[in-house]
1. From the gyration tensor of the Cα coordinates in the range 147-278, what semi-axes in whole Å does the equivalent ellipsoid have, largest first, with each one equal to sqrt(5λ)?
2. Hey, what do the phi angles of the range 13-30 turn into as Karplus ³J(HN,Hα) couplings, whole Hz, using 6.51/-1.76/1.60 and θ = phi - 60°, x for Gly and Pro?
3. How much mean residue ellipticity at 222 nm does the chain get from its helices, if each DSSP H run of length 4 or more adds -39500 (n - 2.57) and you divide by all residues, to the nearest 500 deg cm²/dmol?
4. Between residue 248 and residue 180, how many nm apart are label points set 7 Å from Cα along the C-beta direction?
5. State the percentage of accessible surface on the chain attributable to carbon and sulfur atoms; use a 1.4 Å probe and exclude ligands, DNA and RNA.
6. Just want the answer: with Cβ charges of +1 for Lys and Arg and -1 for Asp and Glu, which residue in 82, 12, 22 is farthest toward the dipole's positive end in the chain?
7. Could you tell me what % of all Cα pairs in the chain have separations over 23 Å?
Amino acid sequence: MRLAKANDTDGIIACLRTAPHQAMFTLGYLHRDGFAGQGERTMRFWVNDHGPVTDVLALTRAGIVAPFLPNAPILGAVRALSRQSVTGIIGPLDQVRPLQRELGLDDAPTTLDQDEPHYLLPLSDLIIPDGPGDLHPLSQADPATMLDWMTQYQTEALMTPPAQAPIRAAAGYETAMVADNRRVLMWGDVPLATTAFNAQLPDMVQIGGVFTPNDLRGKGHGRRVVALHLAEARENGVTHAALSAANAAAARAYEAIGFAQVGDWGFRLFAKPQVIRV
């Protein structure tokens, strides 16, 4: 694979759009910031050596690898990542596993090593469950409560070390306030659950950060907040939504509002940066 240039942008986007639910982080970044941006999510890209773009490898400044390799040029991706510092791999499981193996990272210690069912929903099929609460922007919820919830999410879902979780939660809160991508299900002044879009396109969103506190779980609040947020997005022209389910309970909740499994997703976050030497 070769390092992409700015004039490859249209080809990269066209390639990723052939299966956008498998490339939402990469497409969301390109939609927001273009080929060159700032911050830890700034990406470099590699593409197949010859002809139209058919395979794309992305690497964020923070070291997260996002493969979109439907034609399986795994060895080319390995060569592209040689001498790079890698902190994680996120993508379709049938690409994450062989890439991790060929990079020599199967035995690298991880903070998160999870395989999850991957779901897609045409919003014309969205089911909005009955239940208490209405949708509100993050700004209308108590900041201390939201920071506590987001800290819990960091430790429970992302396996963030406890010392780092409040720092990442605070950064995520500020980002969400600016992006206006998080919603809270509230019954009067009482928050019941929260959800967010962690990647957005004009026609598709990806759900992340779904959280219900322990004492309110099992009451359908998670599925309702996600459904209401998607209904809001549908009103703004979004036609599809994607997500992965962290556990069986989450999978049942997403299936109850219309999501259908379309594959499997892999998350690998390494305990420390891994310099690729193969």
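The values are calculated or read from the model by the stated rules, or taken from the named source; none is laboratory data. Here the structure is a predicted model, which means the values were calculated and not measured. FYI the Cβ positions are ideal-geometry reconstructions off the backbone, even for glycines, and counts take in every protein chain you see. Keep in mind that these areas ignore ligands, DNA and RNA; they rest on the heavy atoms of the full protein, side chains included. Shrake-Rupley method; radii C 1.70, N 1.55, O 1.52, S 1.80 Å.
1. Details: eigenvalues 117, 77, 52 Å².
Square roots of five times the eigenvalues give 24, 20, 16 Å.
2. These are the phi-based 3J(HN,Hα) values: 5, 4, 5, 5, 6, 5, 8, x, 5, 8, 9, 5, 4, 5, 5, x, 5, 4 Hz.
3. Details: 8 runs with 89 residues, N = 278.
Helix-only estimate at 222 nm: -9500 deg cm²/dmol.
4. Distance between label points: 4.1 nm.
5. Values: 6830 of 13120 Å².
That share works out to 52 percent.
6. Positive-end residue among those listed: 82.
7. Working: 20794 of 38503 pairs.
It works out to 54 percent of all Cα pairs.
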